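The values are calculated or read from the model by the stated rules, or taken from the named source; none is laboratory data. On a predicted model such as this, the values are computed, not experimentally measured, just so you know. Cβ atoms come from the backbone with ideal geometry, glycine included; neighbour counts cover every protein chain shown.
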Amino acid sequence: MVDRRTATKLIRLHPEELRQITESARRSGLTPARFIREAALGARPRARSHAAAGPLLRELARIGRSLEQLARCAQASPDPALAAQMRAALKRHDALVRHTVQRHGQKGEFTL
């Protein structure tokens, strides 16, 4: 049998306080009530991983592997411009991955 919570306590908040609590709860993947309860009992709710983070990073990794394969083919090509274009594409991909991890990692959405 599940131990249900039966006691209630009404609290009053300013609209801005409620907005901040609701936003923090959302980032943590909690309801506002659970967020308040856990914070009041000493827990430090943390932002959860963003649901799309795993698939996004896997797709970026897949694209990066494909670019590396193409870069190896371009290096073997007699056309130096092709190799330069592939190196530039790899650099842009690396920059995008770093930017994505830094931007979302700072928000607590995901880390590598």
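Listed by first and then second residue, the pairs with beta-carbon distance under 7 Å, at least 6 apart or on different chains, first residue in the range 1-24 and in contact (Cβ under 8 Å) with a residue 24 or more places away in the chain and under 14 Å from Arg37 (Cα atoms), second aliphatic (A, V, I, L, M) and outside any helix (DSSP H, G or I), form an empty list.
Against the conditions (1) under 20 Å from Ala95 (Cα atoms); (2) of a type in the set (Asp, Glu); (3) not assigned by TED's automatic domain parsing to the domain that holds His93, Glu59 satisfies every one except (3).
Candidates in the range 24-33 are the residues that are modelled with pLDDT under 90 and in a helix (DSSP H, G or I); of these, the one that is surrounded by the fewest Cβ atoms within 10 Å (Cβ to Cβ) is Arg26. Condition check: exposed (fewer than 13 other Cβ atoms within 10 Å of the Cβ) and either over 26 Å from Gln102 (Cβ atoms) or modelled with pLDDT under 85 (or both). Does Arg19 satisfy that? When the stated conditions are applied, Arg19 passes them. A search for C-beta distances below 6 Å between a residue of the range 62-78 that is farther than 20 Å from Val97 by Cα and any residue that is assigned to a helix (DSSP H, G or I) and not charged (D, E, K, R), counting only pairs 6+ apart in sequence or on different chains, returns Ala74/Leu82; Ala74/Ala83; Ala74/Met86; Gln75/Ala83.
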